[in-house]
Each structure stands twice: as C-alpha cells, then as structure tokens.
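The values are calculated or read from the model by the stated rules, or taken from the named source; none is laboratory data. These figures come from a predicted structure and were not determined experimentally. As a convention, Cβ positions derive from the backbone with ideal geometry for all residues, glycine included, and neighbour counts pool all protein chains shown. Ligands, DNA and RNA are stripped out before the accessible areas are found, and what is left, the full protein with its side chains, is counted by its heavy atoms. Shrake-Rupley method; radii C 1.70, N 1.55, O 1.52, S 1.80 Å.
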Amino acid sequence: MTKRLGNNTLLFPSKPVITGFYSVVGKKEWEGPLRQWFDLTVGESHIGETSWEKAESKLMELSTNGALEMAGISKEEISVFFGGDLLNQCIATNYTLRTLATPFIGLYGACSTMAESLIAGAMCIDGGFAKNVLCATSSHFCSAERQFRFPLEYGGQRPQSSQWTVTGSGATILSENGTGVRITRAAIGKVIDAGIQDLNNMGAAMAPAACDTLCAFFEDTNTTPWNYDLIVTGDLGNIGKDLLRELLFQNGYAAQNLEDCGALIFSEDQDAHAGGSGCGCSASVLNSYLLKQLNQGKWHKILFMATGALMSPTSALQGESIPGIAHLVQLEKE
Amino acid sequence: MKKINQNEYQKMVSHLGKSPWITNVIWAFFVGGAICVIGQVIIDTAKNMGISQEDAGCIASISLIFLSGLFTGFGLFDKLAKRAGAGTLVPITGFANAVISPAMEFKTEGYVLGLGAKMFVIAGPVIVYGISSSILCGLIYFFMKGGM
C-alpha cells in the first residue's frame, strides 16, 4: 500500500489514534484565554526544584504521566518515546526519561518538536514497529531566557515583535487501536531561510517555512485551505500569522481559517507582545484546546503545523540568519 | 511555494511590530530624569554635611549602585526597566543591574564558574572598551601636552 503522496506528504493507512493527551502550563498561561482547556497549572516557576532546567523537566514528567493515565496504560506499554525540548542537549527531556525509562529517540526541531514527534510516532505505529508511542515536548520561560537571551532580572526592553516563551508541556499517546482523534496524513517540513537576522522576530523567520510546508501539502493532496475546518500553526505569533497569510495569498491561497497557538495562548493585556512561543506553546495548546474540541466535535479535520526557528545564539553572533522549519499533521475525528 | 525574494520579504517584515517610540521616550525621559534628581539630592545633602564635591559625587554613585542592586535583588528593577528603557539603562543604575542580574541568574552553576564567571557577561564589554578608550584618551592627552 502506498504511503506517499507527491514529494512531501506521508499517508498513514492504519490511522494511528490519539488515546491519551495532557497539558501542563505555568501561571501566566493559566491566566490567559485558554485556561478552561488546560489540564494543570504548576503555579510558581520553580515548581519546587532547584534550577529552571529541573523545573522544565518536571513539567514534562507531569504531562507524560497525565497522558499515560488518560490512555489507561502503564509506561512499560510504551514502545518508543519521541521527544525533545529547547535546551542544549535536550536536557529537560533526558532528565524526564531518567525516571520514565522507556525506549527513547530524542528530537530537536526547536518549537516544531510537537509535530515532529507526532510524525515520527505515527510512522512508527503505521510501520508496525510499536503499539503505543509517547510524544512529548516542553519549554520553560526561565530556562529559555537564560540560554537564548538575558538573565531574568536584567532590565531590558523587549521589542514589540518579540514573543514570550511558554512555560508548559504537552504529551500525546499514539496507539494502534482505540478511539479518538486520528493522524491521517503528514508533511515533513524543509529548512527555509528567508534571511531574517532579528532574534526578536521569530515569527518572521518561521512564516516562510510554514508557507512552504502548507503549499507543498496542498499541492500533493490537491486540496485548498477550505478543505479543512482549521489550520493552526505553532508559534508564529501575531506578526508571523499575518506574514503567513500574506505569503499564502501570494501563492494563490486565501486562508481565513488560519489560527496560531502563539496568538491564542496569551491575551493582549498579558504583555507577551507578539504572542507565545517555545515547544511548550504548540504542545500545550494541541493537547488541550485543539484535541478536546476535536473530541467534542467542534471540528472534524484540522491541520496542525508546529513551526520552529532553528536559532542558535552562537550563529546569530556570527551574523548568520535564522532558518525556519514547519512540520504538519492532519488530525481527524471520525 | 514561489521562491521568496529576501529583499522583498525584509520590506514586508519591516512594517510590522514597530515599537511605540513616543511612549518609550516619555518614560525614559521621566524615569531617567528622576534617577538623576535622586543623585543630585544625594550630592547636595552630602555637600551640606561638609563633604567635598568630589567625595559627594562618589557617595551619589555608590548609593545609586546600591539602590539598583537592591531593586534588582527584589525583582523590581526589570519591571521598571521594561517601561523606562534607556531611562534606567543609561544612568549608573543600568550598569549595576547588568552585573547583578547575571550573578543572580548563574548562581545555580556554582559560585566560581557560575556566579563569578558569568557576572560580567553583559557588563564585560563595557568595562573592556571603557578602560581601553580611557587609556587611549589619556595617551593622546599626554602627547598633546608635550610628553613629560
């Protein structure tokens, strides 16, 4: 049975099903517009740990445990864990795996990791290599700030185009059998670099990659934005979302049903400027707002596309531009 | 997707996400001005107590550095600086914050290679080029005066 369509699109004939999902967020995210959809807030940023990195790891531990509980399976029944985070060497994920101790493949796709892990997981299930896989990612405002930007107490002014790294984690369990939302198609993104060098404008760096993946998917599947109830990007923020809409228009697609997790997660008065970002942004919104509403039947078929700015502080100082990437999965409720 | 022309894309991007510079300038003017007024009050008070102009200036700098450190420690400095921008950055308060904030942040990596090494990660360049340029100016001045 063919599992490819065109150049970029993957088909999953067995339709891996999402049997468990869970989202954990920090205080600021909990105070935002999506509060009613999140499963848990951890409150204060340290979560009782001695470092921000350990706190982030704790977030992922909580989300993975929550997803396991919802799916009603034990961690021994997980064949592979696909996951990663923003920190150097993906330490938040590695530390979570110290106690979870499932077979593990680490991923780095910057903020695109949630979709990346879902694609890897769906391929694993559809290929018959696993019965259940766990896909998870996380980000923490404080651990990201100190690695990519400035110390927390540094008195700097953030530009309007900057985004706020979401403190949160989301975990999804994909299974061979069960009921729920299914992954039917996916598109693996390419690295696209449109020459953006501004570290405070990630939305602009990622929008061309999002456009590229979407256009490739529409061409392969011979569909248009109107064939889907919703197209939701990961963390383009308000600026990136406008740019993506404009880029899609230039390519002949009018996408009025476009949303963005980064634009949804904070309200304007929360001082997050252009919106939320980070792996935890798309992960927490997918594993709460999006999957819950798919299950409730508000939408039947959506495209979830997590976007990543593959930025490194080192290469940025060396004058390099920021490459972007976007991976897409099609989620369907039967 | 059509190939993106980088120059055209830059133009598209440059219109978006502009900073509200008028509000920023007003905030910077008043907060920066207020910090300078505090400094002047300290100098005048010290002089009234019979301290020389030079020593009074020193006391003002030390006091402002202390206050900046204290407010950084309490987690209040960044909240003010977020609005005040250059108003808190340009006076000596900004420099003190730039040293203290990494010291606080990197304490988790230990007192030597964390706090000690990372303390000057932001302020280091200011010290290096500040001292270098003052030496250069000193040398120019020295030779302009005709050497020894």
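In segment A:35-55, what residues are away from chain B (no Cβ under 13 Å) and open to solvent by less than 50 Å² (accessible area, probe 1.4 Å)? Let's see the steps before the verdict.
Our first condition is that a residue be away from chain B (no Cβ under 13 Å); within segment A:35-55, this holds for A:35-43, A:47-48.
Listed by number, the residues that qualify are A:W37, A:F38, A:T41, A:V42, A:G43, A:I47.
Can you list the helices (runs of 4 or more DSSP H) found entirely within segment B:5-85 that contain at least 2 residues being more than 12 Å from chain A (Cβ to nearest Cβ), in contact with a Pro (Cβ under 8 Å, 6 or more places away or on another chain) and open to solvent by 60 Å² or more (accessible area, probe 1.4 Å)? Even if it seems obvious, please write down each step before you answer.
Numbers: elements: B:6-14, B:21-48, B:53-73, B:77-84.
Output list is empty.
Residue-by-condition table, conditions (1) in contact (Cβ under 8 Å) with a residue 60 or more places away in the chain; (2) within 17 Å of the chain's Cα centre (by Cα):
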residue	(1), (2)
A:L214	yes, yes
A:L243	no, no
A:Q250	no, no
A:A254	no, no
A:C261	no, yes
A:L264	yes, yes
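What is the residue count in segment A:157-170 for residues that are part of a loop (DSSP other than H, G, I, E, B), among the hydroxyl-bearing types (S, T, Y) and away from chain B (no Cβ under 14 Å)? Step through it out loud before you land on a result.
Kept after step one, since they are part of a loop (DSSP other than H, G, I, E, B), are these residues of segment A:157-170: A:157-163, A:166-167.
Going one step further and asking which of them are among the hydroxyl-bearing types (S, T, Y), we end up with A:161-162, A:167.
With away from chain B (no Cβ under 14 Å) added as a condition, the list becomes A:167.
So the answer is 1.
Report whether or not B:G94 is at pLDDT below 95 and in a loop (DSSP other than H, G, I, E, B).
Working: at pLDDT below 95: yes; in a loop (DSSP other than H, G, I, E, B): no.
Taking the combined requirement at face value, the residue does not satisfy it.
On the basis of being among the aliphatic types (A, V, I, L, M), in contact with a Phe, Trp or Tyr (Cβ under 8 Å, 6 or more places away or on another chain) and outside the structural domain of A:L310 (by TED's automatic domain parsing), does A:L107 make the cut? Show your work before the answer.
Numbers: among the aliphatic types (A, V, I, L, M): yes; in contact with a Phe, Trp or Tyr (Cβ under 8 Å, 6 or more places away or on another chain): yes; outside the structural domain of A:L310 (by TED's automatic domain parsing): yes.
Yes, satisfied.
For B:I122, work out the one condition from (1) in contact with a helix residue (DSSP H, G or I) (Cβ under 7 Å, 6 or more places away or on another chain); (2) at pLDDT 95 or above it doesn't fulfil.
Failing condition for B:I122: (2).
Residues that are in contact (Cβ under 8 Å) with a residue 60 or more places away in the chain: which strands (runs of 3 or more DSSP E) entirely in segment A:6-113 hold 1 or more of them?
Details: elements: A:9-11, A:17-25, A:80-85, A:104-106.
Hits in segment A:6-113: A:9-11, A:17-25, A:80-85.
Give the number of residues within segment B:133-148 that are open to solvent by less than 60 Å² (accessible area, probe 1.4 Å) and among the polar types (S, T, N, Q).
Residues in segment B:133-148 being open to solvent by less than 60 Å² (accessible area, probe 1.4 Å) and among the polar types (S, T, N, Q): 1 in total.
Every residue in segment A:176-189 that is on the phi < 0 side of the Ramachandran plot and open to solvent by less than 10 Å² (accessible area, probe 1.4 Å), please. Before you say what the answer is, go through the steps one by one.
We begin by selecting, within segment A:176-189, every residue on the phi < 0 side of the Ramachandran plot; these are A:176-177, A:179, A:181-189.
If the condition is that a residue be on the phi < 0 side of the Ramachandran plot and open to solvent by less than 10 Å² (accessible area, probe 1.4 Å), then A:V181, A:I183, A:A186, A:A187 are the ones that fit.
Out of all the residues in segment B:118-139, is one or more assigned to a helix (DSSP H, G or I) and within 11 Å of chain A (Cβ to nearest Cβ)? Please lay out each step first, then the result.
First pass over segment B:118-139, keeping only residues assigned to a helix (DSSP H, G or I): B:118, B:124-139.
If we keep only those that are within 11 Å of chain A (Cβ to nearest Cβ) too, we end up with B:118.
Yes, segment B:118-139 contains at least one residue that is assigned to a helix (DSSP H, G or I) and within 11 Å of chain A (Cβ to nearest Cβ).
Can you tell me which residue in segment A:271-289 is farthest from the other protein chains (Cβ to nearest Cβ), limited to those that are on the phi > 0 side of the Ramachandran plot and in contact with a Leu (Cβ under 9 Å, 6 or more places away or on another chain)? Walk me through it before giving the result.
The first filter runs over segment A:271-289 and keeps only residues on the phi > 0 side of the Ramachandran plot, leaving A:271, A:273, A:275, A:278.
If we keep only those that are in contact with a Leu (Cβ under 9 Å, 6 or more places away or on another chain) too, we end up with A:275, A:278.
Details: A:G275: 11, A:G278: 18 Å.
Among residues in segment A:271-289 that are on the phi > 0 side of the Ramachandran plot and in contact with a Leu (Cβ under 9 Å, 6 or more places away or on another chain), the one farthest from the other protein chains (Cβ to nearest Cβ) is A:G278.
If B:T108 meets every condition in (1) open to solvent by less than 80 Å² (accessible area, probe 1.4 Å); (2) on the phi < 0 side of the Ramachandran plot; (3) under 12 Å from the mean Cα position of the chain (by Cα) apart from one, which number is that one?
If we test B:T108 against (1) open to solvent by less than 80 Å² (accessible area, probe 1.4 Å); (2) on the phi < 0 side of the Ramachandran plot; (3) under 12 Å from the mean Cα position of the chain (by Cα), just (3) comes out false.
Could you check segment A:325-334 and list, in sequence order, the residues that are assigned to a strand (DSSP E or B) and among the acidic types (D, E)? Explain how you work it out, then say what you get.
Start the filter on segment A:325-334 by keeping residues that are assigned to a strand (DSSP E or B), which leaves A:325-333.
Scanning segment A:325-334 gives a single hit, A:E332.
Would you mind stating whether A:T224 is of a type outside the set (K, R) and more than 13 Å from every other protein chain (Cβ to nearest Cβ)?
Details: of a type outside the set (K, R): yes; more than 13 Å from every other protein chain (Cβ to nearest Cβ): yes.
Judged against the criteria, A:T224 is a match.
Answer yes or no: is there a residue in segment A:227-243 that is within 9 Å of chain B (Cβ to nearest Cβ) and touching a Pro at 6+ places or on another chain (Cβ under 9 Å).
Yes, some residue in segment A:227-243 is within 9 Å of chain B (Cβ to nearest Cβ) and touching a Pro at 6+ places or on another chain (Cβ under 9 Å).
Looking at the structure I just gave you, is A:I173 outside any helix (DSSP H, G or I), buried (at least 24 other Cβ atoms within 10 Å of the Cβ) and within 14 Å of chain B (Cβ to nearest Cβ)?
Details: outside any helix (DSSP H, G or I): yes; buried (at least 24 other Cβ atoms within 10 Å of the Cβ): yes; within 14 Å of chain B (Cβ to nearest Cβ): no.
Spelling it out, it is not the case that A:I173 is outside any helix (DSSP H, G or I), buried (at least 24 other Cβ atoms within 10 Å of the Cβ) and within 14 Å of chain B (Cβ to nearest Cβ).
So, in segment A:212-227, of the ones that are in contact with a strand residue (DSSP E or B) (Cβ under 7 Å, 6 or more places away or on another chain) and open to solvent by 10 Å² or more (accessible area, probe 1.4 Å), which residue ends up nearest to A:A326 (Cα to Cα)?
Residue satisfying both the conditions and the ranking: A:D212.
Are any of the residues in segment A:260-273 of a type in the set (V, I, T) and within 13 Å of A:T165 (Cα to Cα)? Show your work before the answer.
From segment A:260-273, those of a type in the set (V, I, T) are A:265; that's our starting set.
Checking which are within 13 Å of A:T165 (Cα to Cα) leaves us with A:265.
Looking through segment A:260-273, at least one residue is of a type in the set (V, I, T) and within 13 Å of A:T165 (Cα to Cα).
Got at least one residue in segment A:190-211 being open to solvent by less than 10 Å² (accessible area, probe 1.4 Å), away from chain B (no Cβ under 13 Å) and at pLDDT 95 or above?
no
Just to confirm my filter: which helices (runs of 4 or more DSSP H) fall fully inside segment A:241-324 and include at least 3 residues that are open to solvent by less than 20 Å² (accessible area, probe 1.4 Å) and not assigned by TED's automatic domain parsing to the domain that holds A:K58?
Working: elements: A:261-265, A:279-285, A:291-296, A:313-317.
Of the helices (runs of 4 or more DSSP H) lying wholly inside segment A:241-324, those with at least 3 residues that are open to solvent by less than 20 Å² (accessible area, probe 1.4 Å) and not assigned by TED's automatic domain parsing to the domain that holds A:K58 span A:261-265, A:279-285, A:291-296.
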